[in-house]
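Below is one structure; the comments refer to it alone.
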Amino acid sequence: MNFEPEKFFVGLMDFFSILLPGGVLTFLLMGEVPAKIWTTSAFKQLTGANGVAAFLVASYLLGHLIFLLGSWLDELYDVARRYTLNTQIELLSRRGTLLPWPFRAAIWGIFKQERNLAVNCARDLRNRQLGTVGAAAAVNTFQWSKAWLTENKPKSLAVVQRFEADSKFFRCFVVVLLIKIGTWSFRRPWHLTGIAIGLLPLAMWRYMEQRFKATNQAYWSVLTAFASEPGLHDDVQAARGSAAPVVGAPTHAGGIVFRRRKDGVEFLLVEASRNPAEWVLPKGHIEKGEQPRDTAVREVHEETGVWARIHGDEPLGAVWFKQEDETEVTVQFFVMECVGRGTKADAGRRHEWLRPDAAAERLSNFAETKRLVQKATARLESQGKA
């Protein structure tokens with residue numbers, strides 16, 4: 001007899017997402033039913049096998065109701081997912097808007113440094129494959145990934161379903177806790193309400209974390225399968241496109257980041273990645289489909305943990321140089337204003353805030369970037385900012 005993981009995990013998901021939450025709520029609600037109901041002749045017979053059967057039926061029915069109510073939490077998850085790091089970067093670079101720190105902290109706690117790169121690549125593949133029949137918009141990327149894995153990689157699908165089962169259990173557990181908080185709120189002992197309230201954010205956190213793992217695991221599995229097989233690899237290349245680079249266009253972008261102090265402004269410098277003895281302006285490579293403004297915001301945040309918005313509409317200037325492998329690099333710099341702090345991705349590099357003269361001195365080995373700092377200082381002074 002062959003073991004079919006996809007059928008096993010279908011049963012596992014039913015248990016974790018329907019029967020188990022329903023059983024938990026049924027057990028907890030037994031203490032809430034008035035005692036005189038249990039003393040009637042009908043309920044006196046609910047012992048032994050009859051009691052077990054009644055408990056299972058109640059668990060199954062309540063489980064489905066809990067599952068239905070819990071499905072609304074997916075809407076809340078989708079809202080949170082829309083504000084991962086890439087969206088925060090776009091909001092800051094294009095609108096100058098930064099989410100309040102409690103929301104940034106909550107989103108970071110679930111999604112960390114997620115930039116939706118995997119889902120975007122998987123979406124390109126979905127659009128290419130379903131676009132031939134005009135059905136690209138008919139199936140979302142996650143469901144398409146699961147359908148593709150069902151047909152081609154059932155073992156990979158089993159891993160996705162395991163994470164999905166966990167997420168659905170905790171999603172239903174959130175509903176169970178909300179119901180119990182409602183029934184315990186005005187009754188003693190009050191410590192039970194406190195326990196339920198304390199468990200509620202943890203259950204919600206775990207639900208979102210496991211759902212995030214399930215979706216990303218599906219995207220990773222599809223992308224890995226496409227990249228590892230020659231015929232599928234061609235589909236990846238076609239989906240990504242191969243537009244020729246624009247001659248003279250910037251390859252990198254960065255920021256001359258300032259913050260205001262009572263006695264003037266300070267500029268942000270970071271250790272050079274290849275030589276910690278040197279200090280440079282934060283900058284990095286412009287990724288495919290990314291605007292230089294977005295790159296500048298992203299690179300400043302990744303290298304220093306500082307959230308900074310573009311100050312002014314136009315870039316300050318560009319720097320050109322060759323790397324060790326003779327690759328030509330053109331860096332477009334923007335004047336940027338510090339508006340908040342976050343968690344940097346490049347934890348091994350130090351950064352410092354320096355007065356304009358001290359910053360220019362640190363950049364003495366890089367004449368062009370030193371000149372840009374001086375130009376930024378003059379611009380800020382002319383605008384009455386320094």
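Coordinate-derived values only; no laboratory data. A quick note: this is a predicted structure, and the numbers were derived from the prediction, not measured. Cβ atoms come from the backbone with ideal geometry, glycine included; neighbour counts cover every protein chain shown.
In loop segments of segment 249-339 as defined by DSSP, the trypsin sites (Lys or Arg not before Pro) with at most 13 further C-beta atoms inside 10 Å of their C-beta are Lys262, Arg274, Lys288.
Applying a 10 Å radius around every beta-carbon, put 197-209, 165-177, 337-349 in order of their mean neighbour count, most first.
Values: 197-209: 17.3, 165-177: 24.3, 337-349: 15.4.
Sorting 197-209, 165-177, 337-349 by mean packing, highest first, produces 165-177, 197-209, 337-349.
Residue-wise HN-Hα couplings along segment 173-183, as the Karplus relation 6.51 cos²θ - 1.76 cosθ + 1.60 with θ = phi - 60° gives them from phi, are 5, 4, 5, 4, 5, 4, 5, 5, 4, x, 8 Hz; Gly and Pro carry x. The amide H of Val339, built 1.01 Å from its N in the peptide plane, has Trp307, Ala308, Arg309 as neighbours under 5 Å, considering only residues 5 or more places off or on other chains. Dipole orientation for segment 252-382: of the candidates His285, Gly317, Phe267, Phe267 has the Cα lying most toward the positive pole (charges on Cβ; Lys, Arg +1; Asp, Glu -1). Per-residue extension of 0.36 nm, minus the Cα-Cα distance of Ala80 and Glu324, leaves a gain of 83.7 nm for this segment. Within segment 252-382, DSSP assigns beta bridges of which about 75% are antiparallel (rounded to the nearest 5). Taking segment 252-382 as the region of interest, the number of lysine pairs whose Cα atoms are within less than 24 Å, with members eight or more places apart or on different chains, is 10.
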